[in-house]
Amino acid sequence: MADLKKIYEHIFRLEYEQGFKSYDIYDGSGLKVPLLRQLKSGRMASTYFNKFSPFNFRTVLGISKRKYPHAVACMVDAYFNCPVDRIPEDFIKEQFEWLISKSLKDRYGFHCWNGLGISIDMKGGGIKPDIPGLIGTSAVARVLCAYYQKTADERIPEILRSVRYDLLTNYFQMYSGFSFFRYKPVTPPWVFTINASAKGAALICHINHILGEDQGLEQVASAVSSILDSQEKDGKWKYTMDLKNGRHKVQTDFHQAYIIKALLDIHHSGMLDIPLADAIIRGIDFQNKTQLLSSGAIYYRHPVKYPFNIHNQLYAFYVNKAASFLDKSYDRKGELILDWALKHLYDSGLGFIYGAYPAIKIRIPYARWGNAHALYLFSLLMNSSQPS
């Protein structure tokens with residue numbers, strides 16, 4: 001088994017040297033070339049070109065490295081789980097305060113976050129930096145939980161209760177027999193994004209666990225039941241279910257592991273009486289039988305293999321290791337997945353790179369997609385407490 005602690009400390013120092021700044025796989029919309037920047041089609045073309053190109057043209061396009069709240073949250077959370085020598089605690093506290101400052105409370109009345117902080121033009125819509133979402137909010141709220149456990153900072157409970165109230169008031173939805181947490185407050189009430197709902201349910205359980213409270217558990221239990229009901233016989237989940245029009249979206253990738261991790265988090269919180277082991281096992285078995293190749297590589301988006309993607313590798317590795325208490329064979333699968341990633345998607349000078357095609361690699365270390373999540377997930381596994 002790879003030495004997680006050694007890799008963890010090395011990657012942490014690499015990211016610290018960058019001031020937690022990085023490029024992002026979706027930052028292409030921020031190009032500075034005048035004609036292209038003025039056209040939505042130009043920004044969209046730049047987004048997808050930069051995402052899949054094995055070569056980095058960002059300097060030419062005027063795209064700079066920056067801090068992304070989701071990436072910074074993962075790294076600060078990791079530090080609170082497993083501090084690293086020679087990383088100044090004052091630097092980490094600065095990042096923590098920066099994350100709090102990025103709250104959109106002044107706009108929405110509740111503490112909430114956008115995990116990117118940039119505009120992204122994509123097919124079917126895009127992302128605006130002033131619209132919060134469950135993914136970014138969850139990442140930052142978990143940092144607040146970790147910090148509160150260590151410092152008992154009196155500011156934190158009020159912020160966490162604000163987050164919880166927002167999720168229960170503006171995200172929780174009941175539609176056509178399903179209960180769920182919407183991906184964003186602007187998401188149509190009939191669109192059930194299963195991984196986002198799972199993260200929302202897990203976050204409320206975690207906040208309650210940290211604060212010693214039990215608010216919103218009826219809604220959480222209802223949402224978790226819908227997640228279990230939406231799991232298919234083979235163990236997979238769809239990405240979204242359009243409960244109004246029936247135009248469901250199948251996207252079999254790391255989101256499968258996101259859901260599994262959320263169910264593991266809920267299980268470890270001890271907040272619900274709903275049995276989750278069967279759904280977790282079926283979900284991991286689908287991942288290991290369908291998404292995982294014998295080499296240890298994970299499909300980019302099944303049935304599409306390439307580019308092999310570090311985000312897929314990290315989360316498939318984590319859920320296997322974290323669920324090994326349910327089935328010891330998962331531990332060996334996790335080692336296989338990480339070993340492949342270290343052999344093919346790791347560079348000692350960069351950390352984890354984004355991905356690989358059959359004949360060429362995308363040698364760009366996107367923190368939000370690779371190193372930041374590696375630090376967060378490794379820290380959970382190295383921490384003596386249950387995964388948070």
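The values are calculated or read from the model by the stated rules, or taken from the named source; none is laboratory data. This structure is a prediction, so every number in the text was calculated from the model and none was measured. Neighbour counts are summed over all protein chains in view; Cβ atoms, including those assigned to glycine, are modelled from backbone coordinates with ideal geometry. With ligands, DNA and RNA removed, areas are computed over all heavy atoms of the protein, side chains included. Shrake-Rupley method; radii C 1.70, N 1.55, O 1.52, S 1.80 Å.
Could you figure out which of (1) under 18 Å from the mean Cα position of the chain (by Cα); (2) within 22 Å of Ile131 (Cα to Cα); (3) in contact (Cβ under 8 Å) with a residue 60 or more places away in the chain isn't true of Ile260?
For Ile260, the failing item is (2).
Could you please find all residues in segment 284-299 being under 20 Å from Ala196 (Cα atoms) and surrounded by fewer than 23 Cβ atoms within 10 Å (Cβ to Cβ)? Show your work before the answer.
Going residue by residue through segment 284-299, those that are under 20 Å from Ala196 (Cα atoms) are 284, 286-287.
Phe286, the sole residue that qualifies.
Quick one: which residue in Tyr330, Tyr376, Tyr357, Tyr318 is surrounded by fewer than 20 Cβ atoms within 10 Å (Cβ to Cβ) and touching a residue at least 24 places away in the same chain (Cβ under 8 Å)? Please lay out each step first, then the result.
Numbers: Tyr330 fails: surrounded by fewer than 20 Cβ atoms within 10 Å (Cβ to Cβ); Tyr376 fails: surrounded by fewer than 20 Cβ atoms within 10 Å (Cβ to Cβ); Tyr318 fails: surrounded by fewer than 20 Cβ atoms within 10 Å (Cβ to Cβ).
Criteria check complete, one pass: Tyr357.
Restricting to segment 249-266, count the residues that are within 18 Å of Phe181 (Cβ to Cβ) and either aromatic (Phe, Trp, Tyr) or in contact with a strand residue (DSSP E or B) (Cβ under 6 Å, 6 or more places away or on another chain) (or both).
Count: 2.
Please verify whether segment 354-361 includes one or more residues that are charged (D, E, K, R), outside any helix (DSSP H, G or I) and closer than 26 Å to Ser138 by Cβ.
Step one: of segment 354-361, the residues charged (D, E, K, R) are 361.
Add one more test, that the residue is outside any helix (DSSP H, G or I), and what stays is 361.
Now restrict to residues that are closer than 26 Å to Ser138 by Cβ: none.
The answer is no, given that none of the residues of segment 354-361 is charged (D, E, K, R), outside any helix (DSSP H, G or I) and closer than 26 Å to Ser138 by Cβ.
Here are the criteria: (1) open to solvent by 60 Å² or more (accessible area, probe 1.4 Å); (2) free of Cβ contacts under 8 Å to residues at least 40 places away in the same chain; (3) in contact with a helix residue (DSSP H, G or I) (Cβ under 8 Å, 6 or more places away or on another chain). Tell me which single one Ile92 does not satisfy.
(1)
Would you please name the residue that is nearest to Ala367 (Cα to Cα), looking only at residues in segment 41-65 that are of a type in the set (A, V, I, L, M) and open to solvent by less than 40 Å² (accessible area, probe 1.4 Å)? Lay out the reasoning, then the answer.
Of all residues in segment 41-65, those of a type in the set (A, V, I, L, M) come to 44-45, 60-61, 63.
With the extra rule that they be open to solvent by less than 40 Å² (accessible area, probe 1.4 Å), the set shrinks to 61, 63.
Details: Leu61: 20, Ile63: 15 Å.
The residue in question is Ile63.
Write out, first by first residue and then by second, each pair whose Cβ atoms fall under 6 Å of each other, whose residues are 6+ apart or on separate chains, and whose first residue, in segment 297-313, is in contact (Cβ under 8 Å) with a residue 40 or more places away in the chain and closer than 14 Å to Ala257 by Cα while the second is of a type in the set (Phe, Trp, Tyr) and surrounded by fewer than 18 Cβ atoms within 10 Å (Cβ to Cβ).
Listed pairs, sorted by first residue: Tyr300/Tyr306.
Of the residues Arg86, Arg107, which is closer than 21 Å to Ser379 by Cα, open to solvent by 10 Å² or more (accessible area, probe 1.4 Å), over 22 Å from the mean Cα position of the chain (by Cα) and not β-branched (Val, Ile, Thr)? Can you show your working first?
Working: Arg107 fails: closer than 21 Å to Ser379 by Cα.
Just one listed residue meets the conditions, Arg86.
Taking segment 241-256 as the region of interest, how many residues are under 17 Å from Val224 (Cβ atoms) and in a helix (DSSP H, G or I)?
2
Which of the residues that make up segment 264-280 are open to solvent by 50 Å² or more (accessible area, probe 1.4 Å) and either among the polar types (S, T, N, Q) or within 21 Å of Asp234 (Cβ to Cβ) (or both)?
Residues satisfying the conditions are Pro275, Asp278.
What number of residues in segment 17-34 are out of contact with any helix residue (DSSP H, G or I) (no Cβ under 7 Å at 6 or more places or on another chain) and surrounded by fewer than 22 Cβ atoms within 10 Å (Cβ to Cβ)?
The number of residues fulfilling the criteria is 5.
Where residues in segment 1-16 are aliphatic (A, V, I, L, M) and assigned to a loop (DSSP other than H, G, I, E, B), which of them is surrounded by the most Cβ atoms within 10 Å (Cβ to Cβ)? Can you show your working first?
Of the residues in segment 1-16, the ones aliphatic (A, V, I, L, M) are 1-2, 4, 7, 11, 14.
Remaining after also requiring assigned to a loop (DSSP other than H, G, I, E, B): 1-2.
Working: Met1: 10, Ala2: 14.
Residue satisfying both the conditions and the ranking: Ala2.
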